[in-house]
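Coordinate-derived values only; no laboratory data. Just so it is clear, the model here is predicted, and its values are computed rather than measured. Cβ placement follows ideal geometry from the backbone for every residue including glycine, while neighbour counts extend to all protein chains displayed.
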Amino acid sequence: MNPKVAEWWNLTLTHFKNAERCYNEGDDECVKKEAICAVSAGMLTISELFGKAKGEDDIAFTAWYDFGEDIKNKYYSSKQIIEKTRKTLNSLANLSPPTDKLPEV
């Protein structure tokens with residue numbers, strides 16, 4: 001796997017784990033912040049993996065944008081944010097090709 005892709009996905013997973021930690025600590029604002037960071041890093045992972053030439057980059061950007069708008073403009077419990085983050089990140093991971101398969105969260 002491309003080292004830059006691995007680095008970005010590791011950052012994605014770190015932010016997701018931080019969001020889960022914040023949830024366990026009852027820090028709702030931290031959950032929101034870390035979830036947005038996780039999805040942002042996931043989008044950048046897909047961009048690095050495919051570059052600008054493929055439609056996957058557009059799909060990743062749309063997922064990131066929609067996620068951020070939902071989190072900012074609607075009320076979600078911290079548990080719902082964690083679930084939505086997991087679903088979004090797994091959707092991004094599923095865009096990766098078999099030769100560079102990203103692990104799901």
Per the chain: cysteines with no other Cys C-beta under 4.7 angstrom? 37
Modelled label-to-label distance, residue 48 and residue 87, 7 Å Cα→beta-carbon offset: nm? 2.7 nm
Taking a crude spin-label model, label points 7 Å out from Cα along the C-beta direction, the residue 29 to residue 1 distance in nm is 3.3 nm
With the Cα gyration tensor of the chain in hand, convert its eigenvalues to equivalent ellipsoid semi-axes via √(5λ) and list them largest first in whole Å. 24, 15, 10
Relative contact order in percent for the chain (Cα pairs under 8 Å, 6+ apart) equals 30 percent
Rounded Å value of the spacing that divides the Cα centres of region 21-46 and region 61-105: 10 Å
